[in-house]
Amino acid sequence: MIRIAIQKSGRLNEDSLRLLKDCGISFDNGKDQLKAAARNFPMEVFFLRNGDIPQYMRDGVVDLAILGENLLVEKGSDLEVIEKLGFSKCRVSIAVPKGTEFSSVKDLEGKQIATSYPNTVNAFLKENQIEANLHIINGSVEIAPNIGLADAICDIVSSGSTLFKNNLKEVIEINTSEAVLVQAPSLTEETQDLIKKLRFRIQAVLRAKKSKYILMNVPDDKINAISSILPVLKSPTVLPLAKSGWSSLHSVINAGDFWEVIDELKANGAEDILVCPIEKMVL
C-alpha cells in the first residue's frame, strides 16, 4: 500500500485531492481527518501540516507527498522529486511597504526581514552579500511591517492580493514554485511498483490537461498540407464526409499551440474547426 501525504488545508490540499480524484482514486476525507483509505486503489492519504511532511518522509511514515517546491528548498532539499505537477504555482518574494523607496537588493542591507522561510532568505542574502536580521514567523508574515516588527517580508505570493490588502509591494522574486510529487528515500520493491502505476495515471491526467482534441473539415486536396501544419502525436485521423471532395481531419494538439496555427489552418482551407477538452490521455 502507498502512503501519500498532502497538506491538511488550503489551495494545495484542494488541488492535490482533485488530482487524485482525476486519477480515478476514491476516498472519503472528512473534516479534521488525519488519514483516509482509498476504496479502489491500495493507498492511504495522510492529511498533515505542510512543514512537517519532509521529516515524516525521512522517518518512513509516508512514501510519497505532494508538496510545493518552495517547501523542498526550505526543508527537503535531500528528497527526490519524481514528477512536476503544474498546479499551485506561486513565487517566493521580498515585499516592502508601498511607501518605501526600493531600487535594488542592496536596500535590504541592515534591515529587519520577517519570514517563514529562513533557509531560503539566508541563502539569498548570502548570495548577494547582504547582512540583514531575520524574524522567523510561522503564520501571518504580511502583518509584520504594519506592527513595526520588520522593514520587509519574504513570503509566498500567488495573486498578490494579500500583499495589496496589507499595503505591501513585491520588489524581488527569489524563486518560483509549483506542486511536485516527492518520493521518500527508502522504499520496498512492492511500493515502487505501486508508485509506477500511480505515476502512469498522473501523467495521463497531466497530458490531457495540456492537450486538446481538434477536428475540422478540409478539402481532400489540402489534407497533406494541413497535416504538415498540425503538431500531431503520430498522424491525424482522416474520415471521408458525405460531401464529395471533403474529409474530416481529427488530431490532438498542445493547447498552447492552437492559436499559433489556427490562421494557417484556415488559410489552407480548413473549415468548421472544433476544439474539445480531453479527460485522460494514455500513450
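The numbers here are math on the coordinates, done by the rules we state, and not lab data. Please read these numbers as outputs of a predicted model, since none were measured by experiment. Positions of Cβ are backbone-derived with ideal geometry, glycine not excepted, and every protein chain shown enters the neighbour counts.
When ASP193, ASP63, ASP220, ASP151 are arranged by Cβ crowding within 10 Å, least crowded first, meaning fewest neighbours, the order is ASP193, ASP220, ASP151, ASP63. Within the straight-line cut-off of under 25 Å between alpha carbons, the lysines reachable from LYS106 are LYS98, LYS126, LYS169, sequence neighbours fewer than 8 places apart in one chain being disregarded. When +1 charges are put on Lys and Arg Cβ atoms and -1 charges on Asp and Glu Cβ atoms, the dipole computed for the range 211-277 relative to its Cα centre reaches about 200 debye. Would the range 211-277 count as rounded, prolate or oblate if I go by the C-alpha gyration tensor, calling it rounded below 1.5 in a/c and otherwise prolate when a/b exceeds b/c, oblate otherwise? Cα axes put the range 211-277 in the prolate bin. Find out how many positive minus negative residues lie around GLU109, taking Lys and Arg as positive, Asp and Glu as negative, among other residues whose Cβ is under 15 Å from that of GLU109. Once positives and negatives cancel, what remains is -2.
When the pairs LYS8/LYS196; LYS21/LYS75; LYS84/LYS197; LYS197/LYS234 are compared against a 19 Å limit on Cα-Cα distance, LYS8/LYS196; LYS21/LYS75; LYS197/LYS234 fall above it.
Assign one of three labels to the range 90-177, namely rounded, prolate or oblate, based on the Cα gyration tensor with a ≥ b ≥ c the square roots of its eigenvalues; rounded applies when a/c is under 1.5, prolate when it is not and a/b is larger than b/c, and oblate otherwise.
Working: a/c = 1.31, a/b = 1.20, b/c = 1.09.
Since a/c stays below 1.5, the shape of the range 90-177 is classed as rounded.
Taking the Cα centre of the range 110-166 as origin and assigning +1 to Lys and Arg Cβ atoms and -1 to Asp and Glu Cβ atoms, the resulting dipole is close to 60 debye. Once you have a ≥ b ≥ c as the square roots of the Cα gyration tensor eigenvalues for the chain, tell me rounded if a/c is under 1.5, and otherwise prolate or oblate according to whether a/b is larger than b/c. Oblate, since a/c reaches 1.5 and b/c is not below a/b.
Placing pseudo-labels 7 Å out from each Cα toward the beta carbon at GLU80 and LYS35 gives an inter-label distance of 2.2 nm.
Applying a DSSP loop filter and a limit of 11 other Cβ atoms within 10 Å to the chymotrypsin sites (Phe, Trp or Tyr not before Pro) in the range 190-267 leaves nothing. The residue list GLY269, LEU249, LEU79 was ranked by how far each Cα lies along the charge dipole of the chain toward its positive end, using unit charges on Cβ atoms, and LEU249 comes out on top.
Going by how many other Cβ atoms sit within 10 Å of their own, how do THR176, THR100 line up, fewest first?
Values: THR176 12, THR100 15.
Sorted ascending by nearby Cβ count, the order is THR176, THR100.
Among 237-243, 7-13, how do they line up from the highest to the lowest mean number of other beta-carbon atoms within 10 Å?
Numbers: 237-243: 10.4, 7-13: 16.9.
With the highest mean Cβ count within 10 Å placed first, the list reads 7-13, 237-243.
Relative to the Cα centre, the charge distribution of the chain, modelled as +1 at Lys and Arg Cβ and -1 at Asp and Glu Cβ, gives a dipole magnitude of about 680 debye. Distance between the C-alpha centers of the range 187-208 and the range 148-165? Whole Å please. So the two Cα centres are separated by 37 Å.
Ordering CYS23, CYS276, CYS154 from the fewest to the most neighbouring beta carbons within 10 Å gives CYS276, CYS23, CYS154.
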